[in-house]
1. Would you please state which residues of region 1-43 a label at E50 would reach in this model, taking the label point 7 Å out along Cα→Cβ and a backbone N cut-off of under 19 Å?
2. Calculate one ³J(HN,Hα) per residue across region 36-52 by plugging θ = phi - 60° into the Karplus curve 6.51 cos²θ - 1.76 cosθ + 1.60, and present them in order as whole Hz with x for glycine and proline.
3. List the residues whose amide H sits under 5 Å from the amide H of T37, counting only those 5 or more places along or on another chain, with H placed 1.01 Å from N in the peptide plane.
4. Please list, in order along region 14-29, the HN-Hα scalar couplings obtained from phi with the Karplus expression 6.51 cos²θ - 1.76 cosθ + 1.60 (θ = phi - 60°), rounded to whole Hz, x for Gly and Pro.
5. To the nearest 0.05, how large is the calculated FRET efficiency for R57 and E27 if R₀ is 35 Å and r is the Cβ-Cβ distance?
6. Report the label-to-label distance for K41 and I9 in nanometres (one decimal), using points 7 Å from each Cα along the Cα→Cβ vector.
Amino acid sequence: MEKEEVIDINKLAGGAIQEAIHFALEECFENIKDPNTEAEKARKLTITMELKPDETRQIVKTKTTCKTTLVPVNSIVTQLLLDKNEDKIVATELLKHDPNQIDIDDLDNVIKMEREAK
């Protein structure tokens, strides 16, 4: 029996399958390096190859798909303060208090400065 040549997946479809795999890997690597994603969660690259023979079993149509499963960007959390102004509900973002800033209600502690005349 004659030894059959093994198909090189790197050369199959003119190198298009190899190119698709490299593109999907690059997509995974970019997602890993993104500081807005969780660092230690797994990313996935799934390569599916369908082989569909014809009636004679001599011709086989192949279909290769590369699919990535990436880690989503982290959620952004903030707080809103709701109030009612006349008949409308209004919302304002509740920002974290900066210790270097004074509250508007604490104006008694403000030192009034005189401007020098020019």
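1. The answer is 13, 16-18, 20-21.
2. In residue order, the calculated couplings are 8, 10, 6, 5, 8, 6, 7, 9, 10, 10, 10, 10, 10, 10, 8, 10, 10 Hz.
3. Residues meeting the criterion, in which the H sits 1.01 Å from N, are N74.
4. Rounded to whole hertz, the list is x, x, 5, 5, 4, 4, 5, 5, 5, 4, 5, 5, 4, 4, 5, 5.
5. 0.45
6. The modelled label-to-label distance comes out at 2.7 nm.
Coordinate-derived values only; no laboratory data. Since the model is a prediction, treat every value here as computed from it, not as a measurement. All Cβ positions, glycine included, derive from the backbone under ideal geometry; neighbour counts span all protein chains shown.
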